[in-house]
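Encoded as structure tokens, the structure appears first; notes follow it.
Nothing in this text is a laboratory measurement; each read-out follows from the coordinates by a stated rule. These numbers were taken from a predicted model, which means no experiment stands behind them. Note: ideal-geometry Cβ built from the backbone for every residue, glycine included; neighbour counts use all protein chains shown.
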Amino acid sequence: MVTIKKHSGIYTLTTKQTVNVPITEAWDFFSSPQNLEKITPEEMGFTITSEVDKKAYEGQIITYRVGILPGIKQNWVTEITTVKKNVFFIDEQRFGPYKMWHHEHWFEELPNGKTLMSDKISYKLPFGFLGTIAQKLFIKKQLTTIFEHRFKTLEDFFNEK
């Protein structure tokens, strides 16, 4: 389930999902930047434009090209700022469509070899009140759709084994 709340001029999106794999397998999948393309809706035209031949590490810069609106693509640059293996990692936007983007990826080992994955994204939109209108008109829906797609894709990938 995806929730988005507004506070102090920023929005926070949260989502959780349990997958039927050990934490080490979940970590291995999510700490590989190239797997992001596999869980992003195809219609976004998401492509990684930098070399990502290593697992996530602190200081890693990853560049993307992504469709932010139909027919409009934008470059997006993120940095992996913090990594604690099998626990969490954080990516932050350096350049891109948001005024601020801080994405925490958390992993918790559960009984029976399962893993709880949690995402917390704090973001701020540019353009003041126009950004607020954009949030209401399409950004909230777009982010919800992305994470619902991701949820289903991960269910199919991890839980249908």
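How many lysine pairs in the range 1-110, separated by 8 or more positions in sequence or lying on different chains, have Cα atoms less than 25 Å apart?
19
Hey, what do the phi angles of the range 91-103 turn into as Karplus ³J(HN,Hα) couplings, whole Hz, using 6.51/-1.76/1.60 and θ = phi - 60°, x for Gly and Pro?
Calculated HN-Hα couplings, in order: 10, 10, 5, 9, 9, x, x, 9, 6, 8, 8, 10, 10 Hz.
Normalised by the number of residues in the chain, what is the relative contact order in percent for Cα pairs under 8 Å and 6+ residues apart?
On the way: 304 pairs, mean separation 41.1, N = 161.
It rounds to 26 percent for the chain.
Between the alpha-carbon centers of the range 1-62 and the range 83-161, tell me the distance in whole angstrom.
That distance is 6 Å.
To the nearest 10 degrees, how steep is helix 140-154 against the longest Cα principal axis of the chain, on a 0 to 90 scale?
The angle comes out near 20 degrees.
Which residue, chosen from W101, N112, I90, occupies the Cα position most advanced towards the positive end of the dipole of the range 66-115, where the dipole is computed from +1 (Lys, Arg) and -1 (Asp, Glu) charges on Cβ about the Cα centre?
Positive-most Cα among the choices belongs to W101.
If neighbour count is taken as other Cβ atoms inside 10 Å, put M1, M117 in order from fewest to most.
M1, M117
Collect residues whose amide H, placed 1.01 Å from N in the peptide plane, falls under 5 Å from the amide H of Q60; neighbours closer than 5 in sequence don't count.
Excluding prolines and chain starts, which carry no amide H, the hits are I80.
About the Cα centre of the range 2-159, how large is the charge dipole given +1 on each Lys and Arg Cβ and -1 on each Asp and Glu Cβ? Please answer in debye to the nearest 20.
The calculated dipole for the range 2-159 is roughly 700 debye.
Convex hull over the alpha-carbon atoms of the chain: what's its volume per residue in Å³?
Spread over its residues, the Cα hull of the chain gives 113 Å³ apiece.
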